[in-house]
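Below: one structure, written as structure tokens.
Readers should treat all values here as calculations from the given coordinates under stated rules, not as data from a laboratory. Predicted model, so just to flag it, every value in this text is computed and none were measured. Neighbour counts run over all protein chains shown; Cβ positions are idealised from the backbone, glycine included.
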Amino acid sequence: MAAPRSLVVLAALILSACGGERGQAPVAPSAPNAGATPELTGPGYAPAAGGAPYVAVTVADGGRVGGRVVYKGAPRPPRPIQVTKDSAVCGAVAHTEESLVVGSDGGIRYAVVSIGPIGRGKAWPAAAKPSLDQHGCWFIPHVQVIPAGATLDVVNSDGILHNIHTYPKHNLPANMAQPKFKRVLSLPFPAADVVKVNCDVHSWMSAWIVVAAHPYYAVTDERGAFALEGVPPGTYTLSAWHETLGTRDQSITVPAGGAAEATIIFQE
């Protein structure tokens with residue numbers, strides 16, 4: 001029996017909008033995807049002391065925690081990315097993998113550093129709505145920290161089909177096609193988490209979203225440097241997490257109105 005003309009027309013429109021590429025249709029969120037990504041461990045990643053919500057207060061005598069995350073030894077060289085489709089867009093700029101980026105002086109980029117446990121401290125700074133851009137078939141930024149309760153805008157700057165696939169532990173997963181006419185998809189993250197993001201159309205694309213319960217988090221720069229400002233005086237566990245290397249913890253004491261420095265060392 002022939003399909004109704006309206007269904008045939010609808011199917012043709014969908015294929016046209018996707019540029020003829022095949023992508024997964026949106027999938028309704030289900031239960032959190034347990035075991036999909038490395039867990040953030042250590043007191044620095046706990047929601048707050050005793051599991052209570054974090055409370056923002058004025059920190060009059062806050063200190064600073066600074067330092068570097070470094071790699072000991074000879075890291076493996078980054079692998080060049082092989083573009084296997086959409087080369088006109090995806091191959092315009094050469095990329096190398098970012099799962100382990102180590103500078104000439106040993107600094108590790110894209111580690112996430114935090115302190116904890118902490119239940120009271122400074123408020124989250126005012127900032128633009130967090131976003132994850134797909135540009136040249138590359139996620140920008142590779143690693144970012146957003147507040148628990150925030151909504152992330154996933155932007156398609158490429159004008160081709162992408163497919164957003166998230167792998168959370170404590171939030172609802174998403175698996176959604178993002179064709180060229182759908183420039184922005186908004187994803188809510190109500191709970192503290194570490195979330196891997198892939199594109200199912202372009203297998204080399206990956207990023208990480210650290211959903212934080214408090215603002216004392218930082219992503220290391222190209223030198224492996226980090227800084228946490230306005231820290232209430234006290235002794236904390238300083239935690240560094242990296243997508244490939246795991247977690248390192250050490251104790252640090254922050255003086256009132258002063259500064260504390262630390263070097264966190266990883267090796268495989």
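What would the Debye equation give as log₁₀ I(q)/I(0) for the stretch 24-266 at q = 0.07, 0.15, 0.16 Å⁻¹, counting only Cα atoms as equal point scatterers?
Normalising to I(0) and taking log10 leaves -0.24, -1.07, -1.18.
Using unit Cβ charges (K, R positive; D, E negative) and no other charged atoms, how large, in debye to the nearest 20, is the dipole of the stretch 70-223 about its Cα centre?
Using only the charged Cβ atoms, the result is roughly 260 debye.
Given a Förster distance of 35 angstrom, what is the FRET efficiency for VAL59 paired with ILE140, based on the Cβ-Cβ distance and rounded to 0.05?
It comes to 0.65.
Of the DSSP beta bridges with both residues in the stretch 24-266, give the percent that are antiparallel, rounding to the nearest 5.
70
Can you list residues from other chains, or at least 5 along the same chain, whose modelled amide H is less than 5 Å from the amide H of ALA260?
Under 5 Å from the amide H of ALA260 lie the amide H atoms of ARG64, VAL65, GLY66, each far enough along the sequence or on another chain.
Counting only residues 5 or more places away or on other chains, whose amide H sits under 5 Å from the amide H of ILE81 once H atoms are built in the peptide plane?
HIS95, THR96, GLU97
Please report how far the C-alpha centroid of the stretch 192-233 lies from that of the stretch 76-94, rounded to the nearest whole angstrom.
Centre-to-centre distance over Cα atoms comes out at 23 Å.
Which distance in nm do the two modelled labels at ASP249 and SER157 give, with both placed 7 Å along the Cα-to-Cβ direction?
Taking the two extended label points, one gets 3.8 nm.
So what are the ³J(HN,Hα) numbers for the stretch 140-146, from phi and the Karplus equation (6.51, -1.76, 1.60; θ = phi - 60°), rounded to whole Hz, Gly and Pro as x?
10, x, 6, 9, 8, 10, 10
Compute the signed sum of charges (Lys and Arg +1, Asp and Glu -1) over the other residues within less than 11 Å, Cβ to Cβ, of ARG79.
-1
If you take the square roots of the eigenvalues of the alpha-carbon gyration tensor of the stretch 108-156 and sort them as a ≥ b ≥ c, do you get rounded (a/c under 1.5), prolate (a/b over b/c) or oblate?
In terms of gyration-tensor shape, oblate.
Provide the net charge surrounding LYS182, with neighbours chosen by a C-beta distance below 13 Å and charges set as Lys +1, Arg +1, Asp -1, Glu -1.
Taking every Cβ under 13 Å from that of LYS182, the sum is 0.
Mind listing the phi-derived Karplus ³J(HN,Hα) values for the stretch 256-268, rounded to whole Hz, using 6.51, -1.76 and 1.60 with θ = phi - 60°, and x for any glycine or proline?
4, x, x, 9, 10, 10, 8, 10, 10, 10, 10, 7, 8
With label points built 7 Å along Cα→Cβ from the Cα atoms of ARG79 and LYS180, find their separation and express it in nm.
Computed distance between label sites ARG79 and LYS180 equals 3.0 nm.
Set Lys and Arg Cβ to +1 and Asp and Glu Cβ to -1, take the dipole of the stretch 24-266 about its Cα centre, and tell me which of TRP204, THR166, ALA262 lies farthest positive.
About the Cα centre, the residue reaching furthest to the positive side is THR166.
Gain in length, ASP200 to THR263, computed as 0.36 nm per residue apart minus the alpha-carbon separation, to one decimal in nm?
Contour length minus Cα-Cα distance gives 19.0 nm.
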